[in-house]
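What follows is a short report on a single structure.
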Amino acid sequence: MKITALITVLSLALGLFELPSTFALNNYGDGVNQKAGHTEPTTAAGVTEAPSVKCKLQGSSRLPAFSMDGDYIIGGVFSLHNYIQKVKHNYTSMPEPLRCTGSIDSRELRFSRAMVFAIQEINNSTELLPGIRLGYQIHDSCSSVPVAVHVAFQLSNGQDPVFNTGNKCSQSGVVMAIVGESGSTPSISISRIIGPFNIPQVSHFATCACLSNKQQYPSFFRTIPSDQFQADALAKLVKHFGWTWIGAVRSDSDYGNNGMASFLHAAYKEGICVEYSEYFYRTHPHSSIQRVADVIRRSTAMVVVAFVASGDMRILLEELSRQPSPPRQWIGSESWVTDSDMLSFSFCAGAIGFGIQKSVIPGLRDFLLDLSPTEVVASPLLTEFWEDAFKCRLGKSEKAVTDESVCDGSEDIQELRIAYTDTSQLRITNMVYKAVYAIAHAIHNAVCQETNSTSHCDKFTRIESTKVLTQLKKVNFSQNGYHVSFDANGDPVAMYELVNWQKSKSGSIELVTVGHFDASLPVGQEFNINRNLTWLGDSTQVPVSVCSDSCRPGTRKVLQKGKPICCYDCIPCPEGEISNATDSPGCFRCPKEFWPNAERDTCFPKPVEFLSFDEVLGIILAAFSVGGASLAIMTAAVFFHNRASPIVRANNSELSFLLLFSLTLCFLCALTFIGAPSEWSCMLRHTAFGITFVLCISCILGKTIVVLMAFRATLPGSNVMKWFGPPQQRMTVVSFTFIQVLICTIWLVLSPPFPMKNLTTYKERIILECALGSAIGFWAVLGYIGLLAAFCFVLAVLARKLPDNFNEAKLITFSMLIFCAVWLTFIPAYVSSPGKFTVAVEIFAILASSFGLTLCIFAPKCFIILFQPEKNTKKHLMNKNQS
């Protein structure tokens, strides 16, 4: 038989639990079976008749907490108590049935009574199952797997101790479907029992994502969303408030373990780290509960995510309340965060979590409060509830406590402030209500025929639970404005309210809806907060829970060895790199023409640097340049004014004026080096410098040659001067200058100087300078100047000791000595000077050499012309005895 086989499989293969009373089915035939002389009953006609079969349930059945007969029976399983009585088996006698202990869970009692209310409402309906009366059998599972399995077997078989079914000891399940259980683990056990027989189970509070597996739980449905949606929503919530360092606590059950696993997976994807992950169960030793509480107290994480069943959470909070602990921001799963019984733990004020949407069930409150004394006395469960609620005992109660008062009938249930009477936050209760209606609609579709908008139902139609299961997959209706349907996994659409534990003006804690989560909306739009939240300590500031403070822009994260990714150090970005985001994992380099600011969080354009007319150095050099040109012009004016004087005529006035003109150009060409380089200024500055200086040296060279040839011409028979007359002198200057012009032209044609941004000399700023284009061209220009200067210097040295005051070779020698010294010093200074100082060194060399030539050659002559006119005579110049 299928029931017997299932029991055998469960007891041998699964070994999950120990049944207190085993429902085994035995055959008791009316005939006598003997090893010899076995006879079969016969009819009067002599035909052998099949023996009558009686099926008997071994052990004792459990009485339902609430029951009512009907045409079709709906089963219900609720955790009305949280504990079972511990029994030690002696294995010598049949064990007693397991008994529930502890006080009644008034919230679960409300769930069971809501089921009764829904069935009565359906029985009074003229649209749903008209003419058919639904019955119910509601059992207490004691939050225990063994009791839940016991109840599942009983709901599948019925309560009759002996029943006749012809020749087989099997029968269809008495119930069409089962509502419950509240916990995931008992629901899993029930589903494994009734699933093979296709008895539908609709849970109102079992949220484990594992139950969506239709291969393992083919007949399981639920009106509450799967924990997979809640886990994702909780991870998004934690991320939304910037918490990256959290603690995690879970029930050691299918609900807690599967829910926390889903949450941790979602949290990992959001970059959230978990300092600790602890588990416990209400039946664990007290030392285990205490250990979890101590871990929470010692932790550094301010936020604790608790995926804990309501009964387990109460025990943990009671343990935490015994010793003051640091404030913690609690993030709760739906199981406990919307349980009004938990609001008494004031140190959890500010807790937030997701809850099923609030609802209104018209007439339910009146039904819950309408408990007549007769009804209470008739139900042992209601009697226990009444006595616990009012701290008295009913006259017929077996609860003999001498020091308790007797209930006198004046007790008013409306004055109670407990979960049973609180209908202001109907959430899970509505899930029970929807579950009952879903089953009723499935039965309606199975037994009723629609004709002309009216339903005709035959209450004598016998249907199998399989047909109800098939119809349950198709239900799609609305009740009191709440839509009910199931997807392929037996799950509804996931919709949550974000609830916050806030203190009221009276000081009590109340649940306040502050937002919503709708899984049916597009990604990124599911989560919405529309009211202000309060946090731990009644604060309006969001608490901070991080392992390491956020790394400000300008730094990067470096993970701490051996710790999660949320624990890190903040290291400043290297030189030239920035990070412009908080908690940046790395830094990146600024573009070439940009440089970080002092905080290294922004790239600014590098300051452009060049020798400008606006800065002090540029002004000084420009002033010396203009001053030098003015000096050369004034000298030329003095010479022109005294052009007929012997000293001017004796010093080759034509070359002197040409020399002064070239010196003026030398002074002025320094101005081309000041200012922002451009394409034209870069070509002009180098060519103007090269040509003007060659013109200047050519003039000096011409004067030196004239001096030497003049004294050679004094020798007898010498006719040298005819080759060094004014035309030859002009030709010499032009020829030497033309060579430099040719060099500069080739340079400009092949690879001219051009403006460039120097990004290598200084990392933090840009130097605008003129690139040489061709270094060969630049050094060819300088080399040619140096060659002429060296040649001129040699000739001047040779002529320095010639007699008479006419000889200006001494002045030329000294001027060329200064010129060569300046430019020999220029080369290493030019190469080693950084940035704009390279240009300044070049300008300084131009001005220094120009001033040296001007002062050394013309200053003595001007001094004689202006201040010693007595020496400006032919006699004095021709005097060989004077120096």
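Report the full-extension gain for the segment residue 451 to residue 757: residue separation times 0.36 nm, less the Cα-Cα distance, to one decimal in nm. Please report the intermediate quantities before stating the final value.
Numbers: separation 306, 0.36 × 306 = 110.16 nm, distance 9.17 nm.
That works out to 101.0 nm of additional length.
Could you tell me how many cubic angstrom of Cα convex hull volume region 555-605 has per residue?
Here the figure is 62 Å³ per residue.
In whole Hz and in residue order, list the ³J(HN,Hα) couplings for region 330-336 that follow from phi through the Karplus curve 6.51 cos²θ - 1.76 cosθ + 1.60, θ = phi - 60°; x for Gly and Pro.
For region 330-336, the Karplus-derived couplings read 8, 10, x, 7, 4, 4, 10 Hz, x marking Gly and Pro.
Is it possible to state the helix-based mean residue ellipticity at 222 nm for the chain, with each DSSP H run of 4+ residues giving -39500 (n - 2.57), the sum divided by total residues, to the nearest 500 deg cm²/dmol? What is it?
-13000 deg cm²/dmol
Using +1 at the Cβ of each Lys and Arg and -1 at the Cβ of each Asp and Glu in the chain, identify which of 106, 619, 676 lies farthest towards the dipole's positive end.
Selected residue: 619.
At R0 = 25 Å, how high is the FRET efficiency between residue 300 and residue 599 if r is their beta carbon distance? Nearest 0.05 is fine.
E(calc), rounded to 0.05, equals 0.30.
Provide 493, 274 in ascending order of the number of other Cβ atoms located within 10 Å of each residue's Cβ, fewest first.
With the fewest neighbours first, 493, 274 line up as 493, 274.
Roughly how far apart, in whole Å, are the Cα centres of region 808-851 and region 530-556?
The distance from the Cα centre of region 808-851 to that of region 530-556 comes to 67 Å.
Out of the chymotrypsin sites (Phe, Trp or Tyr not before Pro) in region 594-661, which ones are loop residues according to DSSP with at most 12 other C-beta atoms within 10 Å?
Counting only loop positions with at most 12 other Cβ atoms within 10 Å, the chymotrypsin sites (Phe, Trp or Tyr not before Pro) in region 594-661 are 613.
What distance in nm lies between label points placed 7 Å from Cα along the C-beta direction at residue 868 and residue 60?
14.7
For region 94-138, what class follows from the C-alpha gyration tensor (a ≥ b ≥ c being the square roots of its eigenvalues): rounded when a/c is under 1.5, otherwise prolate if a/b is larger than b/c, else oblate? Write down the numbers at each step before the final one.
On the way: a/c = 7.69, a/b = 2.06, b/c = 3.74.
Cα axes put region 94-138 in the oblate bin.
From zero up to wherever the largest Cα-Cα distance of region 486-556 sits, split into 5 Å bins and tell me the percent of pairs in each.
3, 12, 14, 14, 14, 14, 13, 9, 5, 2, 0
Based on Cβ point charges of +1 for Lys and Arg and -1 for Asp and Glu, what charge dipole magnitude is obtained for region 555-605 about its Cα centre, in debye rounded to the nearest 20?
260
Taking K and R as +1 and D and E as -1, what net charge do the other residues with C-beta under 12 Å from the C-beta of residue 499 add up to?
-1
Give or take rounding to whole Å, what are the principal axis extents of the alpha carbon atoms in the chain, in descending order?
186, 67, 63
For region 814-869, list log₁₀ I(q)/I(0) at each q in 0.15 Å⁻¹, using the Debye formula over Cα point scatterers of equal strength and ignoring solvent, two decimals each.
For region 814-869 at q = 0.15 Å⁻¹, log10 I(q)/I(0) is -0.50.
Using the alpha-carbon atoms, what tilt in degrees (0 to 90, nearest 10) does helix 836-867 show relative to the longest principal axis of the chain?
20
Round to a whole angstrom and tell me the spacing of the C-alpha centers of region 100-144 and region 252-293.
If you average the Cα positions of each part, the centres end up 33 Å apart.
What is the sum of charges, Lys and Arg at +1 and Asp and Glu at -1, for the other residues whose Cβ falls under 13 Å from the Cβ of residue 414?
-4
At what distance in nm do the modelled label points of residue 347 and residue 637 sit from each other, each positioned 7 Å from its Cα along Cα→Cβ?
It is 10.0 nm.
Angle between the Cα long axis of helix 145-157 and the longest principal axis of the chain, 0 to 90 degrees, nearest 10?
50
What is the distance in Å between the Cα centres of region 597-673 and region 728-765?
Region 597-673 and region 728-765 have Cα centres separated by 18 Å.
Taking the Cα centre of the chain as origin and charging only Cβ (+1 Lys, Arg; -1 Asp, Glu), how large is the dipole, in debye to the nearest 20? Mind showing how you got there, number by number?
Numbers: 72 positive and 71 negative charges, 1231 e Å.
For this selection, approximately 5920 debye.
So which trypsin sites (Lys or Arg not before Pro) in region 311-392 pass both tests, a DSSP loop state and at most 15 other Cβ atoms within 10 Å of the Cβ?
Details: sites: 314, 322, 328, 358, 365, 391; in loops: 322, 328, 358, 391.
When the trypsin sites (Lys or Arg not before Pro) of region 311-392 are filtered for loop state and at most 15 Cβ neighbours within 10 Å, 322, 358, 391 remain.
Scaled to the compact-protein estimate 2.2 N^0.38 Å, what is the alpha-carbon radius of gyration of region 441-527, rounded to two decimal places?
1.69
Would you mind getting me the FRET efficiency between residue 798 and residue 741? Use the beta-carbon distance for r and R0 = 30 Å, nearest 0.05.
Values: r = 29 Å, r/R0 = 0.95.
Efficiency for this residue pair is about 0.55.
Just to verify a number: FRET efficiency for residue 288 and residue 87, C-beta to C-beta distance, R0 = 22 Å, to 0.05?
Once rounded, the FRET efficiency stands at 0.50.
Helix 809-832 versus the longest principal axis of the chain: what is the Cα-based angle in degrees, 0 to 90, to the nearest 10?
Value to nearest ten degrees: 10.
Among 474, 861, which comes first, then next, by fewest other beta-carbon atoms within 10 Å?
474, 861
Once a ≥ b ≥ c are taken as the square roots of the eigenvalues of the Cα gyration tensor of region 623-708, is the result rounded (a/c under 1.5), prolate (a/b larger than b/c) or oblate (a/b not larger than b/c)?
Oblate, since a/c reaches 1.5 and b/c is not below a/b.
We did not get these values from a lab; they are worked out from the coordinates using the rules stated. Worth saying up front: this structure is predicted, and the values here are computed from it rather than measured. Cβ atoms come from the backbone with ideal geometry, glycine included; neighbour counts cover every protein chain shown.
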